[in-house]
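Trainee: Handing you a structure now.
What follows draws every value from the coordinates through simple rules; no lab data is involved. Because the structure is predicted, anything quoted here is derived from the model rather than measured. Backbone-built Cβ (ideal geometry, glycine too); neighbour counts: all protein chains shown.
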Amino acid sequence: MSRIAFVTGATSGIGKATAEAFAGAGIDLVLCGRRQDRLDEVAGELSSQVKVTTLLFDVRDKQAVLAAVNSLPDEWKNIDILVNNAGNAHGLGTLDQGDTDDWDAMIDGNVKGLLYVSKAIIPLLLARGKGHIVNISSIAGKQTYANGAVYCASKAAVEVISEGMRLELTQHGIKTTNVAPGAVETEFSLVRFKGDEEKAEKVYQGFDPLQAGDIADAILYAVNAPDRVTIADITILAGAQSAATTIHRK
Ligand code: NDP
Ligand code: 8X3
């Protein structure tokens with residue numbers, strides 16, 4: 001029987017690549033994001049392979065999250081996999097100089113948004129007595145770097161929430177996988193640097209960065225593991241990366 005995955009942040013980067021990998025594995029898709037044109041594009045690309053529906057909402061808006069999940073027709077509520085991927089970094093700056101709007105965007109999106117989506121979906125998994133939650137954390141959730149403390153804190157929170165989910169949900173047949181990528185070439189740096197393409201490109205220069213599909217492969221591996229196996233944590237660094245901010249560039 002085919003499975004249904006609910007993927008947040010499916011309009012770009014890791015979320016989009018995960019949707020593509022899932023479609024290749026015959027997993028039906030609820031694709032979520034804030035850009036309807038992008039959602040339509042991804043849905044159009046994948047709907048020849050699997051059943052696809054889209055939901056437009058901002059994860060920071062708890063009423064919108066709940067309304068979106070409630071709006072799903074019953075057959076789409078049989079969710080097997082939740083991928084909590086939506087999130088971004090906003091700015092790089094010291095704690096005394098940092099922009100508090102950036103802090104709000106990161107804490108509200110990466111932490112509270114993930115919680116709102118989870119709160120809406122977990123009851124559906126509990127009702128079925130099975131499921132799998134994949135949370136996209138970061139190497140930044142394990143290793144703090146200067147000027148990125150708020151982003152790092154938001155991802156450290158994801159790591160803790162993953163542990164909490166595993167402790168609460170395993171007994172109900174629901175697995176939790178925490179995925180912590182290193183430097184992945186997506187729109188991430190373009191968003192962090194507010195559209196400054198030159199700055200964003202520099203992040204990935206002089207080495208071969210991870211591609212979104214590399215992370216999607218790992219996510220697919222985790223959700224395809226047999227029932228007797230829980231892939232609890234996956235950390236994936238670029239080949240030339242030895243720590244969050246240590247990248248051996250040529
Ligand atoms: P992208 O910028 O390419 O994708 C981010 C996705 O998140 C988009 O689909 C965006 O969709 C969605 N999103 C962001 N904010 C919101 C929001 N408030 N509400 C709903 N959707 C939102 O970056 P990545 O693919 O790289 O990032 C995906 C995840 O991976 C993030 O959680 C990021 O922190 C994490 N990560 C990224 C790494 C990297 O180096 N790239 C490394 C480690 C972790 P839309 O704009 O349509 O809403
Ligand atoms: C994204 C990777 O190292 O820029 O989470 O924080 S990093």
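Trainee: For the chain, take the longest principal axis of its alpha carbons; what is the angle in degrees between that and the long axis of helix 149-169, to the nearest 10 within 0 to 90?
Mentor: With rounding to tens, the tilt is 30 degrees.
Trainee: Among H172, H132, which comes first, then next, by fewest other beta-carbon atoms within 10 Å?
Mentor: On the way: H172 14, H132 25.
By the 10 Å Cβ count, ascending, the order reads H172, H132.
Trainee: Which net charge results when you count Lys and Arg as +1 and Asp and Glu as -1 among the other residues whose beta-carbon is under 10 Å from that of I133? All intermediate terms of the calculation are to be shown ahead of the outcome.
Mentor: Details: positive: R166, K175; negative: none.
Local net charge: +2.
Trainee: Same structure again: Compute the relative contact order of the chain as a whole-number percentage, counting only Cα pairs closer than 8 Å that sit 6 or more residues apart in sequence.
Mentor: Details: 487 pairs, mean separation 48.1, N = 250.
Contact order relative to length: 19 percent.
Trainee: Report, ordered by chain and residue number, the lysines lying within cross-link reach of K202, taken as a straight Cα distance under 19 Å and ignoring same-chain residues fewer than 8 apart.
Mentor: K194, K250
Trainee: While we're on this one: Report the FRET efficiency, 1/(1 + (r/R0)^6), for E198 and Q36, where r is their Cβ-Cβ distance and R0 is 35 Å, rounded to 0.05. Don't jump to the answer; show the numbers that get you there.
Mentor: Working: r = 29 Å, r/R0 = 0.83.
For R0 = 35 Å, the calculated efficiency reads 0.75.
Trainee: For the chain, with only Lys/Arg (+1) and Asp/Glu (-1) charged at the beta-carbon, what is the dipole magnitude about the Cα centre, in debye rounded to 20?
Mentor: Working: 24 positive and 31 negative charges, 128 e Å.
So the dipole magnitude of the chain works out to roughly 620 debye.
Trainee: In what order do M106, M1 fall by count of nearby beta-carbon atoms within 10 Å, going from fewest to most? Can you show the working numbers first?
Mentor: On the way: M106 23, M1 4.
Lowest count first: M1, M106.
Trainee: List the relative contact order of segment 187-250 as a percent without decimals, with contacts defined as Cα pairs under 8 Å and 6+ residues apart. Intermediate results must be reported in sequence, preceding the final value.
Mentor: Details: 40 pairs, mean separation 20.1, N = 64.
With pairs under 8 Å counted, the relative contact order is 31 percent.
Trainee: A further question follows. Can you give the % of DSSP beta bridges in the chain that are antiparallel, to the nearest 5? Before the final figure, lay out the partial values.
Mentor: Working: 2 of 30 bridges.
If I count the DSSP bridges inside the chain, around 5 percent turn out antiparallel.
Trainee: Projected onto the charge dipole of the chain (+1 at Lys/Arg Cβ, -1 at Asp/Glu Cβ, origin at the Cα centre), which of G213, L124, L167 gives the Cα projection farthest towards the positive end?
Mentor: L167
Trainee: At a 10 Å Cβ-Cβ cut-off, how would you order F6, F193, fewest neighbours first? Please list the in-between numbers first.
Mentor: Working: F6 27, F193 19.
By the 10 Å Cβ count, ascending, the order reads F193, F6.
Trainee: Any chance you could check the Cα centroid distance between segment 36-111 and segment 146-175 for me, in angstrom?
Mentor: Result: 17 Å between the Cα centres.
Trainee: Relative contact order of segment 131-237, please, whole-number percent, based on alpha carbon pairs below 8 angstrom and at least 6 residues apart.
Mentor: Details: 142 pairs, mean separation 33.2, N = 107.
With pairs under 8 Å counted, the relative contact order is 31 percent.
Trainee: Calculate the dipole size of segment 50-89 relative to its Cα centre from +1 charges on Lys and Arg beta carbons and -1 charges on Asp and Glu beta carbons; express the result in debye to the nearest 20. Walk me through the numbers before you get to the answer.
Mentor: Working: 4 positive and 5 negative charges, 17 e Å.
Magnitude of the dipole: close to 80 debye.
Trainee: A follow-up question, please. If you average 1/r over every pair of different alpha-carbon atoms in segment 4-247 and take one over that average, what Kirkwood value in Å do you get?
Mentor: Details: mean 1/r = 0.0555 Å⁻¹.
One over the average 1/r among Cα pairs gives 18.0 Å for segment 4-247.
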